[in-house]
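Engineer: Below: one structure in structure tokens.
The values are calculated or read from the model by the stated rules, or taken from the named source; none is laboratory data. Note that the coordinates shown come from a computational prediction; the quantities given were computed from them, not determined experimentally. Positions of Cβ are generated from backbone atoms using ideal geometry, with glycine treated the same way; all protein chains shown enter the neighbour counts. The accessibility values were calculated without ligands, DNA or RNA, using every heavy atom of the protein model including side chains. Shrake-Rupley method; radii C 1.70, N 1.55, O 1.52, S 1.80 Å.
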Amino acid sequence: ATLGILIIVNYLVYNYNKTWDLTQDKANTLTQETIDLLKSMPDKVTAQAFFTSQASTDSARAILTQYKSASEGNFNFEFIDPIKDPVAAQNANITSDGMVVLRMGDNQEPVTYLSEQEIDTALIKLINPQSRSVYFLTGHGEHDITSSSQEDGLSSLKTILESKNYAVSSLNLLLDNQIPEDASVIVINGPRKPLSQREVDLIKTFLGEGKALILLQDSVAQISLGNEADPLAEYIASDWGLVMNPDLVVDLTSQSATVAIGNPSTYGSSPITSSMRNLATVFPVARSITASEISGITYVSLVTTSSQSWGEVSLEGIENTSAQYDEGIDFLGPLTLVYTAENSTNQSRLVLFGDTDFSVNGNLTAYGNSDLLVNSIDWTTGLENLI
């Protein structure tokens, strides 16, 4: 009986390679996002780990084994001594001991530091070998994509996008007077001054070619155009049916009433939010959006507040901390903070956000904020498989 039990146990261990992570913080467990990524790979991936006999392979072998175990056959690895096989090292462009190269088909991506984040980044680039260009509009007081400021910089967003193989650039239509041919999506993040009619005409032509626009607009508490015309808002209202309300969202479910909470239980049905796993989103000093549906355009009310919220039109009440809902004047919650729209005729896409502060360096990593914004860029460029 003892011999029989030993034979059965050895058979099961050999054929069903199962491991358990007994560490308190699950340090040896891959995240669910990594597991989903491995299962979604369009082809099998081989990791070539180039280690000389002087370098320890223990930690590399441990993490690569985790990837292999979770991949359901989509991931394998091999160790190669670059001294004994210099041809393989040269073909892989190996420059240092301990480098790993991931291969899928004819494409390869180097990994210089073995961590889950770096390996996942390389896998995503294998899925998306062709770089897509994202242009951030400048010239109207928008947030700076190169700034590391916690209050108004977007450098963290730029880093995330580049890790997914996006080419991120600034665009000043006032100077260039044209949209680059390689542009997939234009992002307008927090303009303080209205765009000119000429700029809006260029964007309208751009969207007519089946491209995409993401607009993030501050609340009326942060920006006031006075009597100035806003050609971009007029275009979005007339051609897309989306209107930015002249309000500031007050959310009584939030610790700070002027910080609106995106309710994950009511996210709209979209690839953008389908993988966010009940992550809430937070929008400091936001405004609400309403839609008057236009034929041929598909709308999704992507992020909404709870019923314990309203859009305050009178900013004096906010300043005096005496704001309350006024029927017939204010906008009653639940309120939409983010809308998506897709034109069925030319497949152009639009994502409209009623806040910009959630995207800056100091707030981007809060809850699901970065997922929401980066997923929106993936969706507008047609790369839902990167979400």
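Engineer: Leaving out ligands, DNA and RNA, and with a 1.4 Å probe, what % of the accessible surface on the stretch 95-168 is carbon or sulfur?
Structural biologist: Here it works out to 42 percent.
Engineer: I would also like to ask the following. Might you tell me the accessible area per residue for the stretch 29-140, computed with a 1.4 Å probe and given in Å²?
Structural biologist: I get 51 Å² per residue for the stretch 29-140.
Engineer: Which value, in Å² and to the nearest 10, is the accessible area of residue 103 when all protein chains are kept and the probe is 1.4 Å?
Structural biologist: 70
Engineer: If you count, for each residue, the other Cβ atoms within 10 Å and average over each peptide, how do 355-364, 182-191 line up from highest to lowest?
Structural biologist: 355-364, 182-191
Engineer: Can you work out the accessible area per residue across the stretch 246-387, with the rest of the protein chains kept in place, probe 1.4 Å, in square angstrom?
Structural biologist: Accessible area per residue: 41 Å².
Engineer: Next question, about the same structure. Calculate for the chain the 222 nm mean residue ellipticity that helices alone would give, adding -39,500 (n - 2.57) per DSSP H run of length 4 or more and normalising by residue count, nearest 500 deg cm²/dmol.
Structural biologist: Taken over the chain, the calculation gives -8000 deg cm²/dmol.
Engineer: Might you report the magnitude of the Cβ-based charge dipole of the chain about its Cα centre, with Lys and Arg at +1 and Asp and Glu at -1, to the nearest 20 debye?
Structural biologist: 1300
Engineer: Tell me the accessible surface of residue 3 in square angstrom (1.4 angstrom probe, heavy atoms of protein chains only), to the nearest ten.
Structural biologist: 120
Engineer: Counting only C-alpha contacts under 8 Å and six or more residues apart, can you give the relative contact order of the stretch 91-211 as a whole percent?
Structural biologist: Computed over the stretch 91-211, the figure is 24 percent.
Engineer: Just report the Cα centroid separation between the stretch 149-178 and the stretch 247-287, whole Å.
Structural biologist: Comparing the Cα centres of the stretch 149-178 and the stretch 247-287, I get a distance of 24 Å.
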